[in-house]
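*Asks:* Below: one structure in C-alpha cells.
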Amino acid sequence: MSRNPDDHENNKNVQTNDTQSFIVFVQPTSNRESGTKNSQSGEKSSKDEAKKKKNKCRGNRKLQRYKAKLRKRGFNNEAITALINNYNQANQDQNVVQESTIPNINREHLVPIDNQRTNNQPETSDKGNIQENVRTTKRKRATKSNNITESLSQISISNIVRKRPRSKTMDNIQEQQELNETTSDWKPKYLKLSDQIFKQMLSKSLSDADKFVQLLDTSEKLKYVRTYAHLLNNVFYLKLEESFWEHYKQVCISESIWSSPMLKNIAKENNLFRFKFKTQVQLEKHYQLIQKRLRTTENNLNQYKQQPIHESIDINTLSTIMTAFVRQGQHKLCAEFERKKLILQFDAIDHRLIKTFYNLNPTDDQIRSAKIIWQAAQSKLHAEEQLAILKQRIYTKRLPSSFNILDHSIDNVEHLLKQSIINRDKSATLSFRRLKTIAQFKYDIMTLEMTTVEEIIRSHVNIIADEKKKLIASAGGQVPIPKSLVQIMNAIAARQSNMVQRSQCILKKKLSVFDDAPMTIDMTGAVGANIVQSFKTGLTNNCISYSDQRTKDFFTAVENLLRRLYTTPLPSKLLARTQYESRLIRNTRHHIKKSNIIIRPTDKSKVLHLGSVHDYHRKALQYMSETNAYNEITSGINPCQNHLQMVLTLIDPMLKNKDINLQLWKQYMRPNAATIELAHLYFIPKPHKIGTPLRPIVSSIKAAATGVSHFLDILLRPMFNQVTKATTFINGIDFVRQIENYRNSGRLLPTTLFVTFDITNLYTMIPRHGAIAALQKFLSKHADNRRIHGMTIDTITRLARLVLDTNCFVYNNKYYQQIRGGAMGSPFTMTLANVYMWEWEQTLLEYQRSHNEMYGRYIDDIFMTTNLSFDEINVRLIEANQQDENIRLTHTISSKVEYLDVLVENDNGQLKTSVYHKLAAEPYILPFSSDHPRHVHRSTINGRLIRAIRLCSHLDDFDKERINIEFTLLLNGYPPKFINYNFNKFFQKHNVLSVMENLDNIMYEQLHRTLLYQPTIKERQQHQHEQQQQNIQSKDLFIHYTFESGPLVNFTKELKHLWNEHYINKNPIKQNIRLRFGTKSNKNLCQLLVKKKPSKSLLRDVISSD
C-alpha cells in the first residue's frame, strides 16, 4: 500500500541494558508531527521541507534484491514465495523468543497508532530502561493501513550474541522443488487436452488404435484412459531423469570432476561454462530423491491399474496402446534429455581440457594468450549465434516485436491519411510511400546489424590469429617449434574446438523454436501423354522404333510411375497449405472483380502494383493526349481481317518469287486466319518515378503482322549490333568493362564528369517517315550491293511500312491506330528506334571522339564522359536537345551518377563502381517455396554473386552487396543453411574463401578482373548457338514436363532409372542417347491475378469468322 508523500520516516535504535540486544524499528511521522518535534529547536526552513517532500518510497529494496538473486539462480515465483514464507515464519518464531527476553517493551510504543498521529501527539518513551537514538536512514519505508511495516526489513529483531540460523538452505529448497511433480515444456500434458484432440492423438499411436478409440464412448472410460496416460507419462519422465543423473555421475567419474576439482577463480578466468558441478554428496542425495519419486509414481500407477474398468477394454491392449502413445508423445522430451547429456559432456570435456593446459606448466605470457584466445573465441561464437538467430528470424518472417512499433508510432501520417478530405487515390499513393519508407528503414537497420556483427566476428578472428602468432614468435624463431610449445598450442586449440561444438549444439536448440519455412505444392493434371509423345519424337529422330514390345513396356512403366506419383497422398501440412492458398486466390479474384481496383506488374521489377481503375484510365488518356500518337477508329469496325489481307497480299508474292530469305523465314511467321487476333493495349506503372507514370505496352502476339515483325528483327538486329558495337552497351557488365578501359587508358582525370541522359517516350515519339528514312540510309551505307541476306532495300522497306501500318489495338472497348512511332511490344520496334537514334547521335558521337571521350548508349539511356566545365557541357547538351523536335532529353551531370544497374563514381581520379538499387526497388527474387527445380535456386545465388563481383570494383562495396543479397534471399524464404552452403561453395570454387572470411583486397581484385571479362550467358549463347544446335540434332532426347513440388520432385531420377532398365541394362541400344529434361513452371501470381486481355469478341472479327 502506498504511503502519503508528505510523510517521512526516522529510524530509532533502542538498546536494552539487561539483554544487550537492540531493536531497529521504523516510525512514520507526518509533517505536523515533525513540526511539533522540531519546535524545541526552532522551525525548519522551507527548503528543507521541500527537500523532504521529494523523497519517494521505492518499496522494500532489500526484499527486491533478495528476489532478484533467487531469480538469477533459476527459481520460479512459486519457489520464491515458499522461501519468503519460510523466512517470515523463522523470523516470527525468533521474534517470539527474543521478545520474551526483552522486558517492558510495548509494540504500540514502537509504532504509533492512528489516534496518536491524528491528535498530533509527540512520541515519548515512558520506559526508563529504553534509550531513544533518532537517526536518518537512507531508504524510506512505506506503512500499511494498520501502521505495521510492510516489508521484512522494516522491523528486524536480532540477538547480538546469538546468530540467527537460516531456516532452509538453497539446496533444501531445490530438493523440495524436485520432490514436487516436475514440469517441462516438452512434457505432454494429457489432462489439459480436450477430449477430441486426445482421441486424435491416441488414434495415430498404432495402426489398430482406431478401434480402441471407438470403445471410449463414455466420459468415464475416457477419463480412466487419460489418467492412465498421465500416470504412465510421469513414470517414463522420471525414468528419463534417472537415466540423466546416472549419466551425470558417470561423466563426473570418467572426467575426474570429483577426484581433481578445479578452483573457482581458475574456472571464471578461463570462461568455463559450468563453474561448479554437483558434489558427489549432492548428486547421491538428488538421485535418491528421483528414485523415491519414481517408486511412488510406479506404485500409484499399479494401484490405478487395479481399479475396475469396463469389460470392453482389455488391460493388456490398453497397456500396449498407452505405452506406444506415451512413447510417441515423449520423442521431443527424449531429444531434450539427449541434448542435456551432450551439453554436460561438453562441459566435462572443457573442465578436463583446462586442467590439461595447466598441467603443461605454461608461462604467464602463454596463460595470458590462452585466456585472450578463449575469450575471443567465446565472444565470436556469441556474435555468430546472434547473427544466425537474426537470419532465422528474417527467413521465417518472425522479426522482433520492437520492429512493429515503427509501423504505427514513428509518425503521424497514418492518422492524417484517414481524413476524408484526401482523395482516395492520393491517399493510397501516400500510404504506399509511407509503408515503403518504413520497410526500407527496417531493411537498412537489419542490414546494418548484420554488417556490424560480421565485423565483430572478423575482429575476434583477427585477435585469435594475432595471439597464435605471438605464441609462435615466443619460440624465438626455433625450427622446428619446441615440443612443449606445440603441446600448449594443441591444448588451446582443443579447448577452442570443444567450445565451437558446444556452441553449435546450443544454437541448434535455439533455432529449433522457429517453425520450418512453409512449402507450397500444387498438383496439376497428368502429363503422361506429353511425355510419351516426347519419347516417340526423340526415338524417331534417332531412328529407333517406338512400336516394338520393349517400347510398349517402357511406356506402360512411365504411365504407372506417373499414376503412382500423382495418386500419392500429400502430407497434411502441405495439403492444408495448398487448400489455403487456393481459397486465398479465389477470394482475391472475387475482391478484385468486385472492387474498383487494378493489378499490374511494375516496370523494371517483378512485384505487383495495386491501383485505381479510374486513376489508370485517367493517366492512359493523358499519355495519349500528350504524345498524339494514337487515333481512335471511329467506325468501330475491327480491322483484324483487313490486316490479314494486307499481310498476305504483300508476303505471298514475295515468298513465291523468293524475294524473302527462306532460310530466315519460318512457317509460323505467316499469319493463320483461324488464330489471329487484334493487338490490345495495356499500361504498366513506374512506381520508381514521381507520380507513378505509365508505360504503354501493345500485346500483339497473335496479330497479323507479328510474324513479319519477328522476321525483320532477326534480319536487321545482328547487323545493327555489329555496326554499333563500339558505342552500344549490352548491359551493365559491358558498361563496367568499357568505363574501366577508359580509366586504364589514362583518360580518367580528377576533373572528369559523367553525363547521363534519358530520352522521353522514344518508341512513340519517333516520326514514321523519319524512321523509314533513317532505316533506308543505314541500309544503304552498310548493305552489300544494296542487299541484306539477298533481300533488296526496297523489299525490307515495304515490310517495315507494313508493320507500322498495321499497328492497331483495342483499349477500353475501343479500337485505336498508332500513327506515330512503333508499338512497344513489337519485336521490330526496338530495332527501328535504335536505327533512328543512330542517325540522331552521329553529331554528338563525333564530338566525343574528337575530344577523346567516352560515349555509349543502351536503347534510350546514354552515358558519356567529359572534362569540360559544367557550364560548357550543359550548353552542348542544350544544343543536342534542340537538334530534333522529336527527341527530348533529361540529363544528369555529376562525378557520381547511376547508369543502368551500376553506380559509377569519380573519386578524385579513382574509379569506383558498384551495384545500384533504385529507391522503389523491392527485395524480391524467385521465392524458395516456388515450384522450380532446386538447381534454379542455386543458380539464383550464383548469378547474384557473380553480378555483384563484376559490378563492384572495391571490396567494401561488394561486402555490402553480399549482405544485401543474403538479406534478400532470407526475405524470400531461402534457408540460412542453404545460403551459407552455396556461398561457401561459390568462393571455394574460385579459391577465394579468404574474400568472405578476411576481406582480402588483393584476392578480390583478382577475382573481379577474372569474372568481369568472362563471357556472360548471352555472349556464350551468341558464340555457341550453332555448335549447340549441331550437338542436339541427335543423340539427345528432350523431355519437357511441368515441375511440381511434392511427389514429383524425384520424377527425373525415377524416369532415368526406367530408361536405363529398358534401354541400357537389358539389350542396350547402339545409339548413345542422353535424356535431357526441360521444365515448365506452373502459373504464378501475375498470371493468376492480372487480367490484361479484353474479351475475344473485341479481339477477333466475329462476323467474318462466322
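*Asks:* When you check residue 646 against the structure, is it surrounded by 12 or more Cβ atoms within 10 Å (Cβ to Cβ) and more than 30 Å from residue 429 (Cα to Cα), yes or no?
*Replies:* On the way: surrounded by 12 or more Cβ atoms within 10 Å (Cβ to Cβ): yes; more than 30 Å from residue 429 (Cα to Cα): yes.
Considered against the rule, which asks whether it is surrounded by 12 or more Cβ atoms within 10 Å (Cβ to Cβ) and more than 30 Å from residue 429 (Cα to Cα), residue 646 comes out as yes.
*Asks:* Could I ask something else about it? Suppose the filter is out of contact with any Asp or Glu (no Cβ under 9 Å at 6 or more places or on another chain), part of a helix (DSSP H, G or I) and over 24 Å from residue 249 (Cα atoms); does residue 350 pass it? Lay out the reasoning, then the answer.
*Replies:* Values: out of contact with any Asp or Glu (no Cβ under 9 Å at 6 or more places or on another chain): yes; part of a helix (DSSP H, G or I): yes; over 24 Å from residue 249 (Cα atoms): no.
Criteria not met by residue 350.
*Asks:* Here is a follow-up. Across region 960-992, what is the total count of residues that are closer than 16 Å to residue 939 by Cβ and part of a helix (DSSP H, G or I)?
*Replies:* 11
*Asks:* Here is a check on your reading of the model: is residue 367 surrounded by 13 or more Cβ atoms within 10 Å (Cβ to Cβ) and at pLDDT 80 or above?
*Replies:* Values: surrounded by 13 or more Cβ atoms within 10 Å (Cβ to Cβ): yes; at pLDDT 80 or above: yes.
The answer is yes for residue 367.
*Asks:* Report, by residue number, each residue of region 661-692 that is within 19 Å of residue 615 (Cα to Cα), in contact with a strand residue (DSSP E or B) (Cβ under 7 Å, 6 or more places away or on another chain) and in a loop (DSSP other than H, G, I, E, B).
*Replies:* 686, 687, 692
*Asks:* Just to be sure I understand, how many residues within region 669-705 are β-branched (Val, Ile, Thr) and either in contact with a helix residue (DSSP H, G or I) (Cβ under 8 Å, 6 or more places away or on another chain) or more than 30 Å from residue 619 (Cα to Cα) (or both)? Show your work before the answer.
*Replies:* Kept after step one, since they are β-branched (Val, Ile, Thr), are these residues of region 669-705: 675-676, 684, 690, 692, 697-698, 701.
Subset that is either in contact with a helix residue (DSSP H, G or I) (Cβ under 8 Å, 6 or more places away or on another chain) or more than 30 Å from residue 619 (Cα to Cα) (or both): 675-676, 692.
Qualifying residue count, region 669-705: 3.
*Asks:* Restricting attention to region 431-447, and to residues there that are under 17 Å from the mean Cα position of the chain (by Cα) and aromatic (Phe, Trp, Tyr), which single residue is nearest to residue 389 (Cα to Cα)?
*Replies:* 443
*Asks:* Within the bounds of region 1087-1104, is there any residue that is at pLDDT below 70, hydrophobic (A, V, I, L, M, F, W, C) and under 30 Å from residue 639 (Cβ atoms)?
*Replies:* Yes, region 1087-1104 has at least one match.
*Asks:* Taking residue 708 as meeting all but one of (1) under 30 Å from residue 817 (Cα atoms); (2) without any contact (Cβ under 8 Å) to a residue 40 or more places away in the chain, write down the number of the exception.
*Replies:* Only one criterion in (1) under 30 Å from residue 817 (Cα atoms); (2) without any contact (Cβ under 8 Å) to a residue 40 or more places away in the chain is unmet by residue 708, namely (2).
*Asks:* I'm told residue 222 meets every condition in (1) crowded, with 16+ Cβ neighbours inside 10 Å; (2) touching a residue at least 40 places away in the same chain (Cβ under 8 Å); (3) not hydroxyl-bearing (Ser, Thr, Tyr) except one. Can you identify the failing condition by its number?
*Replies:* Among (1) crowded, with 16+ Cβ neighbours inside 10 Å; (2) touching a residue at least 40 places away in the same chain (Cβ under 8 Å); (3) not hydroxyl-bearing (Ser, Thr, Tyr), residue 222 violates only (2).
*Asks:* Filter region 858-871 for residues that are touching a helix residue (DSSP H, G or I) at 6+ places or on another chain (Cβ under 8 Å) and surrounded by fewer than 20 Cβ atoms within 10 Å (Cβ to Cβ); which is farthest from residue 763 (Cα to Cα)? Working first, answer last.
*Replies:* So in region 858-871, the residues touching a helix residue (DSSP H, G or I) at 6+ places or on another chain (Cβ under 8 Å) come out as 858-860, 863-866, 868.
Narrowing the set further to residues that are surrounded by fewer than 20 Cβ atoms within 10 Å (Cβ to Cβ) leaves 858-860, 868.
On the way: 858: 14, 859: 10, 860: 9, 868: 31 Å.
Here the answer is 868.
*Asks:* For residue 424, only one of the following conditions fails: (1) in contact with a strand residue (DSSP E or B) (Cβ under 9 Å, 6 or more places away or on another chain); (2) surrounded by 16 or more Cβ atoms within 10 Å (Cβ to Cβ). What is its number?
*Replies:* Answer for residue 424: the failing condition is (2).
*Asks:* Continuing with the same structure: Anything in region 764-820 that is of a type in the set (Phe, Trp, Tyr) and touching a His at 6+ places or on another chain (Cβ under 6 Å)? List them, or say none.
*Replies:* 809 - this is the single residue of region 764-820 that is of a type in the set (Phe, Trp, Tyr) and touching a His at 6+ places or on another chain (Cβ under 6 Å).
*Asks:* Which ones in region 576-596 are free of Cβ contacts under 8 Å to residues at least 40 places away in the same chain and assigned to a helix (DSSP H, G or I)?
*Replies:* 576, 579, 580, 582, 583, 584, 586, 587, 590, 591, 593, 594
Per-residue answers, yes or no, for (1) over 42 Å from the mean Cα position of the chain (by Cα); (2) more than 30 Å from residue 687 (Cβ to Cβ); (3) not charged (D, E, K, R):
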residue	(1), (2), (3)
548	yes, yes, no
566	no, yes, yes
586	no, no, no
591	no, no, yes
608	no, no, yes
633	yes, yes, yes
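*Asks:* Among the residues in region 402-410, are any over 30 Å from residue 599 (Cβ atoms) and in a helix (DSSP H, G or I)?
*Replies:* Taking every residue of region 402-410 in turn, at least one turns out to be over 30 Å from residue 599 (Cβ atoms) and in a helix (DSSP H, G or I).
*Asks:* Does residue 912 count as out of contact with any Leu (no Cβ under 7 Å at 6 or more places or on another chain), surrounded by fewer than 16 Cβ atoms within 10 Å (Cβ to Cβ) and part of a helix (DSSP H, G or I)?
*Replies:* Numbers: out of contact with any Leu (no Cβ under 7 Å at 6 or more places or on another chain): yes; surrounded by fewer than 16 Cβ atoms within 10 Å (Cβ to Cβ): yes; part of a helix (DSSP H, G or I): no.
Considered against the rule, which asks whether it is out of contact with any Leu (no Cβ under 7 Å at 6 or more places or on another chain), surrounded by fewer than 16 Cβ atoms within 10 Å (Cβ to Cβ) and part of a helix (DSSP H, G or I), residue 912 comes out as no.
*Asks:* Do we have residue 339 as modelled with pLDDT of 85 or more, within 14 Å of residue 243 (Cβ to Cβ) and surrounded by fewer than 18 Cβ atoms within 10 Å (Cβ to Cβ) here?
*Replies:* yes
*Asks:* When residues of region 926-939 are filtered for being within 18 Å of the chain's Cα centre (by Cα) and either assigned to a loop (DSSP other than H, G, I, E, B) or buried (at least 20 other Cβ atoms within 10 Å of the Cβ) (or both), how many remain?
*Replies:* 6
*Asks:* Moving to a separate point now. Which condition from (1) in contact with a helix residue (DSSP H, G or I) (Cβ under 7 Å, 6 or more places away or on another chain); (2) of a type outside the set (D, E, K, R); (3) not assigned by TED's automatic domain parsing to the domain that holds residue 985 is the one that residue 878 breaks?
*Replies:* Unmet condition: (1).
*Asks:* Moving on. Select from region 576-604 the residues that are in contact with a Pro (Cβ under 8 Å, 6 or more places away or on another chain) and modelled with pLDDT under 80 and list them in ascending order.
*Replies:* Here is the first cut: in region 576-604, the ones in contact with a Pro (Cβ under 8 Å, 6 or more places away or on another chain) are 577, 600, 602-603.
577, 603, listed by residue number.
*Asks:* Could you go through region 997-1009 and let me know if any residue there is surrounded by 13 or more Cβ atoms within 10 Å (Cβ to Cβ), in a helix (DSSP H, G or I), within 25 Å of the chain's Cα centre (by Cα) and outside the structural domain of residue 731 (by TED's automatic domain parsing).
*Replies:* The answer is yes, given that some residue of region 997-1009 is surrounded by 13 or more Cβ atoms within 10 Å (Cβ to Cβ), in a helix (DSSP H, G or I), within 25 Å of the chain's Cα centre (by Cα) and outside the structural domain of residue 731 (by TED's automatic domain parsing).
*Asks:* A follow-up question, please. From the residues in region 693-715 that are of a type outside the set (Val, Ile, Thr), out of contact with any strand residue (DSSP E or B) (no Cβ under 7 Å at 6 or more places or on another chain) and closer than 30 Å to residue 666 by Cβ, which one is surrounded by the fewest Cβ atoms within 10 Å (Cβ to Cβ)?
*Replies:* Here the answer is 702.
*Asks:* Where in region 756-855 are there helices (runs of 4 or more DSSP H), lying fully within it, with 2 or more residues that are surrounded by fewer than 20 Cβ atoms within 10 Å (Cβ to Cβ) and within 49 Å of the chain's Cα centre (by Cα)? Let's see the steps before the verdict.
*Replies:* Values: elements: 762-765, 768-782, 793-805, 827-840, 842-850.
The helices (runs of 4 or more DSSP H) meeting that bar are 827-840, 842-850.
*Asks:* Take region 336-361 and flag every residue that is over 19 Å from residue 269 (Cβ atoms) and without any contact (Cβ under 8 Å) to a residue 24 or more places away in the chain.
*Replies:* Across region 336-361, the qualifying residue is only 338.
The values are calculated or read from the model by the stated rules, or taken from the named source; none is laboratory data. The model shown is predicted, which means the values in this text are computed figures rather than measured ones. All Cβ positions, even for glycine, are placed from backbone atoms using ideal geometry, and neighbour counts span all protein chains on display.
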